[in-house]
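The values are calculated or read from the model by the stated rules, or taken from the named source; none is laboratory data. This structure is a prediction, so every number in the text was calculated from the model and none was measured. So basically every Cβ, Gly included, is an ideal-geometry build from the backbone, and we count neighbours across all protein chains shown. Quick note on the areas: whole protein, heavy atoms, side chains included, nothing else; ligands and nucleic acids left out. Shrake-Rupley method; radii C 1.70, N 1.55, O 1.52, S 1.80 Å.
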Amino acid sequence: MNFHADAAADLLATAALPTLDGHPNTASIEMAGVHATLALAEAINNASQTLAIAVARLETHRANEHTSAHSGA
(Lines give C-alpha, C1' and ligand atoms only; values in the text may rest on other atoms or scores of the structure.)
Protein backbone atom coordinates (compact mmCIF):
# COMPACT_ATOMS: atom_id res chain seq x y z
CA MET A 1 0.00 0.00 0.00
CA ASN A 2 1.08 3.56 -0.45
CA PHE A 3 1.62 6.06 2.37
CA HIS A 4 -1.87 7.53 2.22
CA ALA A 5 -3.61 4.16 2.16
CA ASP A 6 -1.56 3.04 5.18
CA ALA A 7 -2.34 6.28 7.01
CA ALA A 8 -6.06 5.97 6.27
CA ALA A 9 -6.09 2.38 7.59
CA ASP A 10 -4.24 3.39 10.76
CA LEU A 11 -6.52 6.36 11.35
CA LEU A 12 -9.64 4.27 10.83
CA ALA A 13 -8.37 1.78 13.39
CA THR A 14 -7.79 4.65 15.81
CA ALA A 15 -11.20 6.13 15.00
CA ALA A 16 -12.85 2.93 16.23
CA LEU A 17 -11.72 3.85 19.74
CA PRO A 18 -13.51 6.67 21.57
CA THR A 19 -11.58 9.61 22.95
CA LEU A 20 -10.68 9.70 26.66
CA ASP A 21 -13.93 11.53 27.41
CA GLY A 22 -15.95 8.87 25.57
CA HIS A 23 -16.76 10.87 22.44
CA PRO A 24 -16.29 9.56 18.89
CA ASN A 25 -12.81 10.18 17.54
CA THR A 26 -13.97 12.52 14.77
CA ALA A 27 -10.50 13.96 14.12
CA SER A 28 -9.20 10.50 13.19
CA ILE A 29 -12.27 9.86 11.05
CA GLU A 30 -11.79 13.15 9.19
CA MET A 31 -8.07 12.59 8.64
CA ALA A 32 -8.75 9.04 7.47
CA GLY A 33 -11.07 10.52 4.85
CA VAL A 34 -8.39 12.97 3.75
CA HIS A 35 -5.77 10.23 3.41
CA ALA A 36 -8.22 7.90 1.64
CA THR A 37 -9.00 10.67 -0.85
CA LEU A 38 -5.28 11.30 -1.44
CA ALA A 39 -4.68 7.55 -1.90
CA LEU A 40 -7.46 7.44 -4.48
CA ALA A 41 -6.05 10.48 -6.30
CA GLU A 42 -2.62 8.84 -6.37
CA ALA A 43 -4.09 5.61 -7.75
CA ILE A 44 -5.95 7.53 -10.47
CA ASN A 45 -2.79 9.42 -11.37
CA ASN A 46 -0.79 6.17 -11.60
CA ALA A 47 -3.45 4.58 -13.80
CA SER A 48 -3.49 7.66 -16.02
CA GLN A 49 0.28 7.55 -16.44
CA THR A 50 0.15 3.84 -17.25
CA LEU A 51 -2.52 4.45 -19.87
CA ALA A 52 -0.51 7.30 -21.42
CA ILE A 53 2.54 5.02 -21.68
CA ALA A 54 0.45 2.28 -23.29
CA VAL A 55 -1.01 4.71 -25.83
CA ALA A 56 2.45 6.06 -26.69
CA ARG A 57 3.78 2.52 -27.21
CA LEU A 58 0.81 1.64 -29.41
CA GLU A 59 1.33 4.75 -31.52
CA THR A 60 5.03 3.93 -31.89
CA HIS A 61 4.20 0.36 -32.87
CA ARG A 62 1.69 1.55 -35.48
CA ALA A 63 4.16 4.09 -36.86
CA ASN A 64 6.82 1.37 -37.16
CA GLU A 65 4.37 -0.93 -38.96
CA HIS A 66 3.44 1.90 -41.32
CA THR A 67 7.10 2.62 -42.06
CA SER A 68 7.86 -1.06 -42.62
CA ALA A 69 4.91 -1.45 -44.98
CA HIS A 70 6.03 1.48 -47.11
CA SER A 71 9.68 0.43 -47.20
CA GLY A 72 8.83 -3.09 -48.35
CA ALA A 73 10.41 -4.69 -45.28
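Dividing the convex hull volume of the Cα atoms of the chain by its residue count, what figure in Å³ per residue is obtained?
64
Which FRET efficiency, nearest 0.05, do T60 and F3 yield, Cβ-Cβ r, R0 22 Å? Present the calculation step by step, with values, prior to reporting the outcome.
Details: r = 33 Å, r/R0 = 1.52.
Between T60 and F3 the formula returns 0.10.
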Next on the checklist: In the chain, if the dipole is taken from +1 on Lys/Arg beta carbons and -1 on Asp/Glu beta carbons about the Cα centre, which of V55, A8, T37 is farthest to the positive end?
Outcome noted: V55
Next on the checklist: If I build a Gaussian network model for the chain, linking alpha-carbon pairs within less than 10 angstrom, which residue out of A36, A56, A15 has the largest mean-square fluctuation?
Outcome noted: A56
Next on the checklist: At 1.4 Å probe radius, can you tell me the per residue accessible area of the chain in Å²?
Outcome noted: 77
Next on the checklist: Angle check, please: helix 3-15 long axis (alpha carbons) against the longest principal axis of the chain (alpha carbons), in degrees 0 to 90, nearest 10.
Outcome noted: 20
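How large a share of the accessible area of the chain, in percent, is made up of carbon and sulfur atoms when the probe is 1.4 Å and the other protein chains stay in place?
C and S fraction of accessible area: 65 percent.
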Checklist entry - When the Karplus curve 6.51 cos²θ - 1.76 cosθ + 1.60 is applied with θ = phi - 60°, which whole-Hz ³J(HN,Hα) does each residue of region 50-65 get, with x for Gly and Pro? => result 4, 5, 4, 5, 4, 5, 4, 5, 5, 4, 5, 4, 5, 5, 5, 5
Item to check | Cα centre as origin, Lys/Arg/Asp/Glu Cβ charges: the chain dipole, Debye | outcome: 360
